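> Structure in structure tokens, see below.
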Amino acid sequence: MRDTDIYQTLEDRQNYGEVEEHGPFFCYVRDDNGIPKSGVKEPWLGEGYYFWDTRITDAQWWGDTVYSQKGYIICHTTYDQHSPLLYDLVGDMKHFDEFVACAEFIKAKLNTKSVSFPVVLTYMKKLSEFDYKAIRVWPHPYTIEKTVVRFPGDKLVLGKADKIQICFFDKTLLKNPYKIVEKKTFAANQTI
């Protein structure tokens, strides 16, 4: 068992008691009007409880990026990072290779150049042996951030693994308490 800190970023609606009492909050594929979400609000790992793994700075980045008009709050809880119910594309190479192989299979079957993450995950969830309660992913940009650590020969550097995200399909792996640990209001929203 390895309890690991995780952070959920939410729009600040100044309902702090309600947030701590009823959180965490589920992200749906469709909005309140039944329209599929798109852009940065689209739940790219499917429906579930979205968290940033370990680093509060990633939760802050998301808040600064998505909630820059209204402000945001960050809530904290923990989960067992070593749970057999976690489908871990970051720390389990077998899971990673299995996921990529499934994507290759779907790509060939559909005769396309690429396949989106949600398509592969949805396909895998339909398989009887996929009984996981969460998925952990590192979605990095085409250019990876490098650290100052280099390997002998100067041909390799240690990349920085950041913005690792976890989508919990239900609350099975989440530990309590769920508490607000940070609030950020942007200057444009403050009254004088």
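The values are calculated or read from the model by the stated rules, or taken from the named source; none is laboratory data. Owing to the predicted nature of the structure, the values given are computational and were not obtained by experimental measurement. Cβ sites come from the backbone with ideal geometry, for glycine too, and all protein chains shown count toward neighbours. Calculation scope for accessible area: heavy atoms of the full protein, side chains included, ligands and nucleic acids excluded. Shrake-Rupley method; radii C 1.70, N 1.55, O 1.52, S 1.80 Å.
> Exactly one of (1) farther than 29 Å from Val19 by Cβ; (2) in contact (Cβ under 8 Å) with a residue 40 or more places away in the chain is unmet by Ser83. Its number?
(1)
> From the list Ile56, Ile106, which residue is modelled with pLDDT of 95 or more, open to solvent by 30 Å² or more (accessible area, probe 1.4 Å) and among the β-branched types (Val, Ile, Thr)?
Result: Ile56 is the single residue among Ile56, Ile106 that is modelled with pLDDT of 95 or more, open to solvent by 30 Å² or more (accessible area, probe 1.4 Å) and among the β-branched types (Val, Ile, Thr).
> I'm checking my understanding of the structure. Among residues of region 117-169 that are open to solvent by 50 Å² or more (accessible area, probe 1.4 Å) and acidic (Asp, Glu), which one is farthest from Thr4 (Cα to Cα)?
Asp154
> Also: Picking from Ser68, Ser83, which residue would you name as being open to solvent by less than 50 Å² (accessible area, probe 1.4 Å), of a type in the set (Ser, Thr, Tyr) and either under 24 Å from Asp170 (Cα atoms) or modelled with pLDDT of 95 or more (or both)?
Only one candidate qualifies: Ser83.
> Another question, then. From the list Glu42, Glu20, which residue is surrounded by fewer than 15 Cβ atoms within 10 Å (Cβ to Cβ) and farther than 21 Å from Ile135 by Cα?
After applying the criteria, what remains is Glu20.
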